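Read the structure below first, then the notes.
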Amino acid sequence: MPITLFFPHLTNRALFFGVIITPDHRVRFSQAAAYGRMAMADPETAALYKTVAEEKDRPIFALLVADFFNAPVVDELDVSEYQGTISSPIYVRAHDDFSVQSVRVIITENGGTELELGEATIEAGGTGRWKYTGKTTIPAGTSIRIQVMVKDRPGNVTNKEQTKVL
């Protein structure tokens, strides 16, 4: 059984297994627990988590809470082949402790004007690599910003961006 010690002089904080827990931590944990209950109430989502929990030999609720707390990671944003033409690719390699659900690509001029927006698709083979294919032609010499938004099942989003002159 965990031991929690309260320190009145630290104003509303508790020490739990050597970590000071603030009211903000309590709110986030309550949100994580609510996500866990919601996911368990949906048979499809619960089945997905149950399979992984069994593979990892972890309690399903612990896996749900951990997934809520851990945002996806963008390992690589590769724009080397992107030429601002229709069908030129942008590659994103991303991972999450459970699963990456979507990768959105937004291309803007450096001034902020949106040039194109769309979803990348996951490549086969379990590599965690996603591919976005250009849908418009952007004039050569244009300075652009390419932003990716990677989202996991609980809704955590991680952004990464690069600039490029076409």
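The values are calculated or read from the model by the stated rules, or taken from the named source; none is laboratory data. Quick caveat: nothing in here was measured; it's all calculated off a predicted structure. We place every Cβ from the backbone using ideal geometry, glycine too, and count neighbours over all the protein chains shown. The area values use the complete protein model at the heavy-atom level, side chains included, leaving out ligands, DNA and RNA. Shrake-Rupley method; radii C 1.70, N 1.55, O 1.52, S 1.80 Å.
Take the Cα radius of gyration of segment 71-166 and divide it by 2.2 N^0.38 Å, with N its residue count; two decimals is plenty. Please list the in-between numbers first.
Working: Rg = 13.0 Å, N = 96, 2.2 N^0.38 = 12.5 Å.
That works out to 1.04 for segment 71-166.
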### Cross-link pairs beyond the 23 Å C-alpha cut-off, checked among LYS56/LYS131; LYS131/LYS151; LYS135/LYS160; LYS50/LYS151
LYS56/LYS131
### Query
Once label points are set 7 Å from the Cα along Cα→Cβ at both ASP42 and SER30, what is their separation, rounded to one decimal in nm?
2.3
### Query
Quick one: how many Å² of VAL73 are accessible to a 1.4 Å probe, rounded to 10?
60
### Task
Quantify, in whole percent, the carbon and sulfur part of the accessible surface of segment 93-151 (1.4 Å probe; protein heavy atoms only).
51
### Message
How far apart, in nanometres, would the label points at GLU81 and ALA66 be if each is projected 7 angstrom from Cα along the Cα-to-Cβ direction?
### Response
3.4
### Apportionment of accessible area to carbon and sulfur, segment 30-73, percent (1.4 Å)
60
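For the chain, give the magnitude of the charge dipole about the Cα centre (Cβ charges: +1 Lys/Arg, -1 Asp/Glu; no others), in debye to the nearest 20.
On the way: 17 positive and 20 negative charges, 86 e Å.
So the magnitude is around 420 debye.
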### Kirkwood Rh, angstrom, segment 70-123 [1 / mean 1/r, Cα pairs]
12.6
### Task
Using only the Cα atoms, work out Rg/Rh for segment 33-115, with Rh taken as the Kirkwood radius, to two decimals.
1.15
### Query
Can you give the accessible area of SER102 in Å² (nearest 10), computed on protein heavy atoms with a 1.4 Å probe?
30
### Message
How long are the semi-axes of the equivalent ellipsoid of the chain, taking √(5λ) for every eigenvalue λ of the Cα gyration tensor, in whole Å from largest down?
### Response
39, 21, 12
### Query
Put +1 on the Cβ of each Lys and Arg and -1 on the Cβ of each Asp and Glu in the chain; which of ILE144, THR45, LEU166 then has its Cα farthest toward the positive end of the dipole?
THR45
### Residues of type aspartates and glutamates that LYS164 reaches as a straight line, Cα spacing below 19 Å, ignoring anything fewer than 8 places off in the same chain
ASP75, GLU76, ASP78, GLU81, GLU109, GLU114, GLU116
### Message
Around ASP67, under 12 Å between beta carbons, what's the net of Lys plus Arg minus Asp minus Glu among the other residues?
### Response
0
## Note on the structure
Over segment 44-166, with neighbouring protein chains present, the accessible area per residue in Å² at probe 1.4 Å is 52
